[in-house]
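Student: First the structure, then my questions, so here it is.
The values are calculated or read from the model by the stated rules, or taken from the named source; none is laboratory data. Model, not experiment: these values are computed from the prediction. Note that each Cβ is placed from the backbone with ideal geometry, even for glycine, and that neighbours are counted across all protein chains shown. To get the accessible areas, we keep the full protein, side chains included, count just its heavy atoms, and leave off ligands, DNA and RNA. Shrake-Rupley method; radii C 1.70, N 1.55, O 1.52, S 1.80 Å.
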Amino acid sequence: MNLEELMLNVDQQIIINAPAAAVFEGMLKRLAEENVRPDGVPMPMVLERWPGGRWYRDLGENSGHLWGFVQVIKAPQILEIYGPLFMSYPVSGHLQIRLEEISEGTRVSLRHRALGQIEEAHREGVTQGWDHYLNSIKTDSEA
């Protein structure tokens, strides 16, 4: 196994015709209570909106999945989360979402990096998943 096989690096951007504050709030909702998988199945999550806060899936009865911890949150400019995210195996990940107000609205830049024994199915699906997420925020924010 070489180093490239252990790394994941996804960079995506989208322009949303809405103010950064509205986009940031929509972004947080889509990561949490309004999370929906690309196949349309709702998958609500909990995002504690403070440094050190958890991002997790609550299945009830003290069951669930920890996806990560909030490393940086500064509305409406940046959110960073570190942890395994959706990968339940030896991996360390970092998600950074930056917002920048521009003349056309808000530029959202997403970067997901990970290092570990990343399964091929996750490597293939992650770009589609983040694309779905960004387009959902765009649809919500521009409505």
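Student: Examine the range 119-132 for a residue that is aliphatic (A, V, I, L, M), over 15 Å from Met27 (Cα atoms) and not in a helix (DSSP H, G or I), and state whether such a residue exists.
Tutor: Step one: list which residues in the range 119-132 are aliphatic (A, V, I, L, M), which gives 121, 126.
Checking the rest, the ones that are also over 15 Å from Met27 (Cα atoms) come to 121, 126.
From the residues that got through so far, the ones that are not in a helix (DSSP H, G or I) too are none.
No, the range 119-132 contains no residue that is aliphatic (A, V, I, L, M), over 15 Å from Met27 (Cα atoms) and not in a helix (DSSP H, G or I).
Student: Shifting gears a bit: Take the range 1-17 and flag every residue that is closer than 12 Å to Gly105 by Cβ and either within 16 Å of the chain's Cα centre (by Cα) or open to solvent by 10 Å² or more (accessible area, probe 1.4 Å) (or both).
Tutor: Ile14, Ile15, Asn17
Student: Could I ask something else about it? Answer yes or no: is there a residue in the range 70-88 that is open to solvent by 30 Å² or more (accessible area, probe 1.4 Å), outside any loop (DSSP other than H, G, I, E, B) and over 26 Å from Glu104 (Cβ atoms).
Tutor: For the range 70-88, residues open to solvent by 30 Å² or more (accessible area, probe 1.4 Å), outside any loop (DSSP other than H, G, I, E, B) and over 26 Å from Glu104 (Cβ atoms): present.
Student: Something else about it: Looking only at the range 18-32, how many residues end up being more than 11 Å from Lys138 (Cβ to Cβ) and open to solvent by 30 Å² or more (accessible area, probe 1.4 Å)?
Tutor: Residues that pass the stated criteria total 5.
Student: While we're on this one: Given the structure, is Ser141 part of a strand (DSSP E or B) and surrounded by 15 or more Cβ atoms within 10 Å (Cβ to Cβ)?
Tutor: Considered against the rule, which asks whether it is part of a strand (DSSP E or B) and surrounded by 15 or more Cβ atoms within 10 Å (Cβ to Cβ), Ser141 comes out as no.
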